[in-house]
Amino acid sequence: MKRIAYLSPVNPAPSGISDYSEELLPYLAQYADITLYVDNNLRPTNQQMMRHLTVRPIKRLPRDHRRRPYDAILYHMGNNGPVHAAIWQMMQRIPSIVVMHEFVLHHFMLSYAATVLHDTTHYQTTATTRYGEEGAHIARLMLHGRFTEAAFDLPFCEDVLAKAQGVIAHSQHVVERVTALQPNLPVAQVPMGVPLPALIDRNEARARLGLPLDTPIIASFGHINPYKRIDLALRAMKTLRETYVDLRYILVGSISPNYDIQAAIVRTGLSDVVTVTGYVDRQDFEDYVAAADICLNLRHPTAGETSASLLRLLGAGRPTLVTASGSFVELPANVAAQVDPDVSEGDLIIAYCRLLLDRPDIAAALGTNARTYIAREHTLEGAALGYMRFLADHYGWGAVQKQREAPLWSIEQSVKPTPVHSTKTTSPIQAAQPHPPHPLSTATAQALAEIGVTEDDTNLLQNTAQTIAELLDSD
């Protein structure tokens, strides 16, 4: 059996990639003997995983690899600097295969410089050398907490690609951008796998959440920041309320400390329409999804990420609006309603919502198509097989064969994000209050908040300051 070293965040590390890996690993372990390497001071909370896998600190990898070389090493890279710092450092020492969860790693490099190196000189120098005066200007803005969409044009992933012997990505969008920078680098698109959610009855979900059964409900999911097009959605809700007088709009997710959502709601005069839940646990998340007549998963610009929260919405069979940007344009037209991020954006949101509210048959068909698509294209079985086929082809292993018939453990009870805030009340504007960022890492906390890198069912924004402070204290 092939031996694979797997370097990734896992719970309680505040990253969506923690859930991702804990869901994928039991399926990947059907094909190979996997040793999981985690951050040196992390104590994983998934007891199923701890019982079935060998789990070691990342710092032990060089010695382990010298004594008995692994057949492959997988590094998972995302934008959370503190969570991915040790993975990044080890990648510089032992190059291998990189799983790129995002193409744009600008915010990782800023976070890494501020919270790990405690010196932003390298970040500023790299921005200037690689991207010229425009890069230097954007770096100065970012370091002063003045975040700009132009930061998404500076990928800062060149150093990762220089060390990668191959890349696994979850979208053609990332594959194409990686190939443009490194034409000779082996790259594979492997679908992100998610568990197919159980279908939850709409009325039962509303009853558990204390929501009225006969009210039109539109909901946005994931980390709340300006890039999620919340201001446009609020203006659309104001227009829609003229027709649907009892309309409710629910925002489900953690809140950027740099985005005053309450002020935005007050400006649009929707204080009696909007509910902000803050972060909720998995069960409440699934109930809010089931309770919504329409789900919104809008974001622009993007870092090239594939959203697990979006896949969960689609897998739950909910009619969903997405932004026609980045990897999201790869969704079939009959799976999600795509909203162009241009001058027509607000009008399209309104038009799609009217259509789906007025034509429940069309909404139901869109939801059915979405669930069928996820069940076919985004299975955990298919994701694991995609990984192994790429590795087998890259290393010349021959035919891919399962060594175990069943997943190594059941994920049903193993991945349970810890709730930071779980509010079932329907009273308006109940926003979770974030912890203040550590004074040495303000720029980092703000950058992570604004990019929304871990909005997929995690508590990153609520825990970022605490995590960074602990890292600094341990120096």
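Please compute the net charge surrounding HIS52, taking Lys and Arg as +1 and Asp and Glu as -1 over other residues with Cβ under 12 Å from its Cβ. Combined, the nearby Lys, Arg, Asp and Glu give 0.
Taking every DSSP bridge with both residues inside the chain, close to 0 percent are antiparallel. As a proxy for reagent exposure, ranking THR125, THR120, THR323 by other Cβ atoms within 10 Å from fewest up yields THR125, THR120, THR323. Dipole check for the chain: with +1 at the C-beta of Lys and Arg, -1 at the C-beta of Asp and Glu, and the Cα centre as origin, the magnitude is about 1200 Debye. Couplings for segment 2-19, taken from phi via the Karplus curve 6.51 cos²θ - 1.76 cosθ + 1.60 with θ = phi - 60°, read 5, 10, 10, 8, 10, 10, 7, x, 9, 4, x, 4, x, 8, x, 5, 4, 5 Hz in order; Gly and Pro are left as x. Shown in residue order for segment 118-134 are the 3J(HN,Hα) couplings computed by the Karplus curve 6.51 cos²θ - 1.76 cosθ + 1.60 at θ = phi - 60°: 6, 7, 8, 4, 4, 4, 5, 5, 5, 4, 6, 5, 7, 10, x, 5, 5 Hz (x for Gly and Pro). The residue list CYS353, LEU251, TYR288 was ranked by how far each Cα lies along the charge dipole of segment 202-376 toward its positive end, using unit charges on Cβ atoms, and TYR288 comes out on top. Note on the chain: helix-only mean residue ellipticity at 222 nm, from DSSP H runs of 4+ residues weighted -39500 (n - 2.57) and normalised by residue number, equals -13000 deg cm²/dmol.
A cut-off of 5 Å between modelled amide H atoms, ignoring neighbours fewer than 5 places along the same chain, links ARG56 with LEU36, TYR37, VAL38.
Residue by residue, segment 78-93 carries 3J(HN,Hα) couplings of x, 9, 7, x, x, 6, 9, 4, 5, 5, 4, 5, 5, 4, 5, 7 Hz when phi is fed to the Karplus relation 6.51 cos²θ - 1.76 cosθ + 1.60 (θ = phi - 60°); x denotes Gly or Pro. Of the trypsin sites (Lys or Arg not before Pro) found in segment 104-200, those in coil by DSSP whose Cβ has at most 15 other Cβ atoms within 10 Å are ARG146.
Let a ≥ b ≥ c be the square roots of the eigenvalues of the Cα gyration tensor of segment 202-376; is it rounded (a/c under 1.5), or, if not, prolate (a/b larger than b/c) or oblate? Rounded shape, in that the Cα axes give a/c under 1.5.
Counting every other Cβ atom within 10 Å of each residue's Cβ, THR121, THR239 order from fewest to most as THR121, THR239.
Ordering ILE58, GLY269, ALA180 by the projection of their Cα atoms onto the charge dipole of the chain, which places +1 on the Cβ of Lys and Arg and -1 on the Cβ of Asp and Glu, puts ILE58 at the extreme positive end. For LEU74, the residues 5 or more places off, or on other chains, whose built amide H falls under 5 Å of its own are ALA5, TYR6, LEU7. Assuming a ≥ b ≥ c are the square roots of the Cα gyration tensor eigenvalues, decide whether segment 260-331 counts as rounded (a/c under 1.5), prolate (otherwise, with a/b larger than b/c) or oblate. Oblate is the answer for segment 260-331, as a/c is 1.5 or above yet b/c matches or exceeds a/b. Distances between placed amide hydrogens fall under 5 Å for GLY278 paired with GLY253, ALA432, all partners being 5 or more residues away or on another chain. By its C-alpha gyration tensor, with a ≥ b ≥ c as the square roots of the eigenvalues, how is segment 9-103 shaped: rounded for a/c under 1.5, else prolate for a/b larger than b/c, else oblate? Rounded, since a/c falls under 1.5.
From least to most packed, judged by other beta carbons within 10 angstrom and beginning with the fewest, TYR288, TYR31, TYR373, TYR395 follow the order TYR395, TYR373, TYR31, TYR288. Net charge in the neighbourhood of GLN172 (other residues with Cβ under 14 Å of its Cβ; Lys, Arg +1, Asp, Glu -1) is -3.
Only the coordinates and a few stated rules stand behind these numbers; no lab work does. This structure is a prediction, so every number in the text was calculated from the model and none was measured. Neighbour counts run over all protein chains shown; Cβ positions are idealised from the backbone, glycine included.
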